[in-house]
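A.B. asks: Before I ask anything, let me first share the structure, which is written out below as structure tokens.
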Amino acid sequence: GWGGSKESFAPLRAALHGQNITILPPDLPGFGSEPEPKSPYTVDDYATWVEQWLSQQKIPTNTPLSILGHSHGGRIAIKLAVRGNLSITHLLLAAPAGLRYPWHIKRFIGGFASKIGKTLLKIPGISMFEPIAKKMLYTLLREHDYERASPIMKETLVNVTRENLKPLLPKILVPTDLFWGEDDKQTPIRGASLMHELIKGSTLHTFPGVRHAVHKDRAQELAAVILQRLPRA
């Protein structure tokens, strides 16, 4: 997920401990221990990076893989599944990003307030309040990811959120499980039904009372599905 690291999958790794499965959790460029890219990335750039990272782990291209992506990682997983460069046998998408949602009313209000605020802050004596005003606006818009990002990662965030992956969903031909919290505010639950409809043969798992961190809050349930879907000898 955006801003997360491989450590966010610790509950899932614990749930899979002792099973006959190899887990390869990378930190993505710009997050965790992995340095930022030298220039702004797109979703395709992240997908290429994952393919190269797997190659560096000495994973042959014909090795059967289950790919799990949460939020921003879901975007990348969708790209990988459609590209067909890896031998993906199972796709797991946990509250995946990639759909374009209409602006919420608070986004409209926030954008309007931002324009007014820039004008007001030019008035002598008021400019000292700019840091506080920005923080309040970011809180209103829930744009903390953008607020905290470096210049390169700001552009990266714009790049990845601009792309609508909806046209790719019917092209996913591997077995797919979708996991979604019904109280998710970042990737709203209405996106679950759309993805389920467009990814033919997919299975949708929804969880009441769960928000965006479904991969952590329902790690046991995800682990059970992963083990159930593993190819049997």
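The values are calculated or read from the model by the stated rules, or taken from the named source; none is laboratory data. Please read these numbers as outputs of a predicted model, since none were measured by experiment. A quick note on method: Cβ atoms are made from the backbone with ideal geometry, for glycine too, and the neighbour counts reach across all protein chains shown. To get the accessible areas, we keep the full protein, side chains included, count just its heavy atoms, and leave off ligands, DNA and RNA. Shrake-Rupley method; radii C 1.70, N 1.55, O 1.52, S 1.80 Å.
A.B. asks: Using θ = phi - 60° and the Karplus curve 6.51 cos²θ - 1.76 cosθ + 1.60, what whole-Hz ³J(HN,Hα) does each residue of region 60-71 get, with Gly and Pro shown as x?
C.D. replies: These are the phi-based 3J(HN,Hα) values: x, 5, 9, 6, x, 10, 9, 10, 10, x, 10, 6 Hz.
A.B. asks: Over all distinct alpha-carbon pairs, what is the Kirkwood Rh of region 1-96 in angstrom?
C.D. replies: On the way: mean 1/r = 0.0720 Å⁻¹.
Hydrodynamic radius (Kirkwood, Cα pairs) of region 1-96 is 13.9 Å.
A.B. asks: Set the Förster distance to 41 Å, then compute FRET efficiency between GLN19 and LYS171 from the Cβ-Cβ distance, nearest 0.05.
C.D. replies: Details: r = 31 Å, r/R0 = 0.75.
My answer for the efficiency is 0.85.
A.B. asks: Would you list TRP53, TRP180 from the most to the least accessible area, probe 1.4 Å? Please report the intermediate quantities before stating the final value.
C.D. replies: Values: TRP53 45, TRP180 0 Å².
Output order, biggest surface exposure first: TRP53, TRP180.
A.B. asks: Taking the Cα of SER87, stepping 7 Å toward and past its beta carbon, and measuring to each backbone N in region 32-55: which are under 18 Å?
C.D. replies: 51-55, by backbone N distance to the label point.
A.B. asks: A follow-up question, please. Tell me, what is a quarter of the convex hull surface for the C-alpha atoms of region 151-233, in nm² with one decimal? It would help to have the intermediate numbers written out before the result.
C.D. replies: On the way: hull surface 28.9 nm².
Over all viewing directions, region 151-233 projects a mean Cα-hull area of 7.2 nm².
A.B. asks: Say the cut-off is 29 Å between C-alpha atoms; which of LYS6/LYS58; LYS58/LYS200; LYS58/LYS154; LYS6/LYS154; LYS58/LYS79 go over it?
C.D. replies: LYS58/LYS200; LYS58/LYS154
A.B. asks: Based on alpha-carbon centroids, what's the gap between region 146-203 and region 8-86 in Å, whole number please?
C.D. replies: If we compute the Cα centre of each part, the gap is 16 Å.
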